Amino acid sequence: MSVLLFSFEPMKTLGDRRNWTDDDLRSAVKANHSWRGVARALDLKGTSAGVIRTLKRHAGRLELDSAHFTGQRPWSDQQLREAVPKATCWADVLSALGVLDNGASRVRVKGHVVRLGLDFAHLKGPREEASEDDVFNGPVRMDTLRYAASAVAMAWFTLRGCAVALPIEPQEYDLLVTTTKGVQRVQVKTCAARNSKGYWGVGIGRRPYTLDKTASKMPYDPDALDLFFILLGDGSIYVIPSLVLAGKVGISAESYAPYRVGDASSLLQ
């Protein structure tokens with residue numbers, strides 16, 4: 001007589017060991033806006049890539065709709081799908097999403113447009129070639145303000161008898177301006193439109209030198225700059241000493257009226 005000493009059971013993978021049901025997953029996906037949120041709703045201890053893959057695999061099996069997910073974004077894929085066909089340029093897309101128009105935001109939004117397979121051939125970029133008629137008769141495009149601001153700053157300082165130079169190597173400042181007080185290091189900032197509260201909310205922070213493009217912005221070192229030159233979408237020009245803005249990453253321009261030094265609105269008409 002033979003005696004069975006061991007019994008074998010099929011090995012289960014990590015993805016098969018779950019303490020939640022399909023109905024739990026359905027409810028969690030519907031109620032949350034990110035896969036990490038789903039994981040927390042299911043009381044999963046970790047939000048590693050493996051856990052997220054498992055959730056996505058089961059969500060795919062159940063054909064659950066995650067189009068409303070935004071992750072760390074303030075907008076959803078569905079909002080992006082609706083914004084792109086109606087827009088004429090990338091600035092319109094970012095405005096429809098309620099996103100500040102800057103280089104990092106454009107790259108992020110464009111990446112999602114490509115991921116979703118949306119047609120964006122009709123969207124004009126700020127450096128897209130235009131016909132002569134477009135240049136002289138077309139409306140001012142606020143998505144180009146950030147590219148024009150340094151030239152406006154150089155002209156403003158030059159017309160006041162200051163020698164202006166560009167740094168040879170990338171620096172925390174954009175311009176070097178020789179004044180009666182010596183060489184001043186100038187950082188140029190812009191704000192193309194008022195925010196949802198009707199204020200000119202100007203971002204004056206910078207991202208730390210890191211590969212993580214989602215890292216929060218930090219203030220400039222006041223010892224590394226002397227002046228901020230700020231150009232708004234209505235043409236207002238502000239020149240504010242860096243010591244006045246020390247420790248800040250954003251301001252409402254209206255609060256700094258004494259530092260409003262000019263008006264370039266004729267360029268924006």
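None of the figures in this text is laboratory data; all of them are computed from the coordinates on show. Keep in mind the model is a prediction, meaning the values are calculated, not measured. A quick note on method: Cβ atoms are made from the backbone with ideal geometry, for glycine too, and the neighbour counts reach across all protein chains shown.
Using C-alpha pairs under 8 Å with a sequence gap of at least 6, the mean separation divided by the residue count of the stretch 142-268 gives a relative contact order of 21 percent. Placing unit charges on each Cβ (+1 for Lys and Arg, -1 for Asp and Glu) gives the stretch 214-269 a dipole about its Cα centre, and among Ser216, Ala253, Gln269 the Cα reaching farthest toward its positive end belongs to Ser216. Packing order of peptides 222-228, 91-97, 202-208, highest average first: 91-97, 222-228, 202-208 (average count of other Cβ atoms within 10 Å over each peptide's residues).
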